[in-house]
Amino acid sequence: MDGSHTDDVVPIDHGGDLAAARLLFPHAPQPFVDLSTGINPYAYPVPPLGPDLFTRLPEAAPLEQLAAIAAEAYGAPSAAHVVAAPGTQILLAPVAGLVQPGRAAVLGPTYAEHLRAAAQGGHRVEEVADVASLQGADLAVVVNPNNPDGRIVPREILLACAHALPLGGLLVIDEAFMDVVPGASLAGDVGHRNIVVLRSFGKFFGLAGLRLGFALADPAIAARLRATLGPWAVAGPAIAIGTAALADRSWAAATRARLAEASLRLDRALADAGLAVVGGTSLFRLVRTHAAGELFEHLGRAGILVRRFANDASWLRFGLPASEPDWQRLAAVLASFGGSPRRRRAPPRR
């Protein structure tokens, strides 16, 4: 298969799929510079771990400590409002199952997984384009900040949405990228019986492979979710690393500053290539260009993987390079992309 022809290959449907990237671009230089995820490339330094964390089942006390530290870090009312899980992905179906099957509305475009999980729970799923269209939904889902455009729905609007839901309705806020803009979180509002907030650990701390995430909810809802997950849902190493990382406020503050600086550098690199940034967070940038398909292939053949989107062929999402050589490689490959800046300019907004 020639790396320049990808029309007959199923597109990569999520970030970080290097196996699919190797099939798409078999002649690309290795290793790939993977910019296709929104994961922090400057990972939290994993502390030394004792062998007991691997040889013994997790005990209750460390998990309770993790919940308490997570509550403090995220701004939840108490540890009783926190459910630890092996990644937020595993929580989507149980959370959707908190509501009797009905209408599920997801503010989009965003992660497809929320629609899938709701459909599996028996809901009639619908992707809506504005917050007003969430009204009347039994299950309303908002990713905030959103992937891939970084849209943030203000807290006051989300609280009004929760208040307007029908009796028994639930508002789910997926705050996977909220660590970079913590002031917009609804974590402190989960005492309301109809709000659940999901928090991802791996994205901000750069440890996606650890598989750790949290649901923040009213204690009664939290207890239901814990019962669904069952005992020992979170591995001992994940409990230990998550506890250390969430308690390290100085690292978090320094990392937010580092990511903000890196995202500005990415803006400059994209602007130098004639690409218009139309959204994102400090973990990723979204560009819109008529030449998105050509640029995706140009980068891929050079061993640089970015995120493309089936629902909008003019979008590409760029994560942050992990090292100075990766930054230089990205700049060089962007500079070698053929065509004028006019050709690569973003198309008009629809």
*asked:* Computed from the coordinates I sent, Rg/Rh (Cα atoms, Kirkwood Rh) equals one of (i) 0.98; (ii) 0.96; (iii) 0.93. Tell me the label.
replied: (i)
*Over the stretch 175-244, calculate the relative contact order: mean separation of alpha carbon pairs under 8 Å at least 6 apart, over the residue count, as a percent.*
26
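At a 1.4 Å probe, what is the % contribution of carbon and sulfur to the accessible area of the stretch 257-306?
Values: 870 of 1750 Å².
The computed percentage sits at 50.
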*Per residue and in Å³, how big is the convex hull formed by the alpha-carbon atoms of the stretch 151-289?*
140
*Name the most mobile residue of 123, 27, 114, meaning the one with the largest mean-square fluctuation, in a Gaussian network model of the chain with Cα contacts below 10 Å.*
27
*Can you work out the accessible area per residue across the chain, with the rest of the protein chains kept in place, probe 1.4 Å, in square angstrom?*
44
*Between residue 93 and residue 124, what FRET efficiency follows from the Cβ-Cβ distance if R0 is 22 Å, with the result rounded to 0.05?*
0.85
*For the stretch 74-217, the Rg and Dmax computed from alpha carbons only, in angstrom*: 13.7, 39
*What's the FRET efficiency of residue 324 with residue 253 using the Cβ-Cβ distance as r and R₀ = 22 Å, to the nearest 0.05?*
0.40
*Which whole-number percent gives the relative contact order of the chain, counting Cα pairs below 8 Å spaced six or more residues apart?*
23
_Helix-only estimate, please: 222 nm mean residue ellipticity of the chain, summing -39500 (n - 2.57) across DSSP H runs of length 4 or more and dividing by its residues, to the nearest 500._
-10500 deg cm²/dmol
*Between residue 72 and residue 310, what FRET efficiency comes out of the Förster formula 1/(1 + (r/R0)^6) with R0 = 45 Å and r the beta carbon distance, rounded to 0.05?*
0.70
*asked:* Skipping prolines and chain starts, which residues have an amide H placed within reach, meaning under 5 Å, of the one on residue 127, given they are 5 or more residues away or on another chain?
replied: 106
*asked:* Taking a virtual spin label 7 Å from the Cα of residue 61 along the C-beta vector, which residues in the stretch 212-253 bring their backbone nitrogen under 12 Å of it?
replied: none
*With 10 Å bins from 0: P(r) over the stretch 7-102, alpha-carbon pairs, percent*: 11, 23, 29, 24, 12, 1
*What is the Cα centroid distance between the stretch 287-342 and the stretch 97-170, reported in whole angstrom?*
31
*So how much slack lies between residue 19 and residue 336, counting 0.36 nm per residue of separation and subtracting their Cα-Cα distance, in nm?*
111.6 nm
*Would you mind checking the stretch 190-233 for residues with the amide N under 14 Å from a putative spin-label position 7 Å along Cα→C-beta of residue 155?*
190-192
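Restricting to Cα pairs below 8 Å that are 6+ residues apart, what does the relative contact order work out to for the stretch 119-196? Please round to a whole percent.
31
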_Charge tally in the Cβ shell below 12 Å around residue 80, where Lys, Arg are +1 and Asp, Glu are -1, residue 80 excluded_ = -1
*Ignoring ligands, DNA and RNA, what percent of the 1.4 Å accessible area of the stretch 41-200 is carbon and sulfur?*
57
*Amide H of residue 33: which non-local residues (sequence gap of 5 or more, or other chain) have their own amide H closer than 5 Å, using H built in the peptide plane?*
304, 305
_Inter-centroid distance (Cα atoms) of the stretch 63-96 relative to the stretch 254-275, Å_ = 31
*asked:* What's the ranking of 300-313, 157-170 by average number of surrounding C-beta atoms within 10 Å, highest first?
replied: 300-313, 157-170
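The values are calculated or read from the model by the stated rules, or taken from the named source; none is laboratory data. Note that this is a predicted model, so its numbers are computed, not measured. Methodologically, a virtual Cβ is constructed for each residue, glycine included, from the backbone with ideal geometry; neighbour enumeration extends over all protein chains shown. For the accessible areas, the whole protein counts, side chains as well, though only heavy atoms, and no ligand, DNA or RNA atoms are used. Shrake-Rupley method; radii C 1.70, N 1.55, O 1.52, S 1.80 Å.
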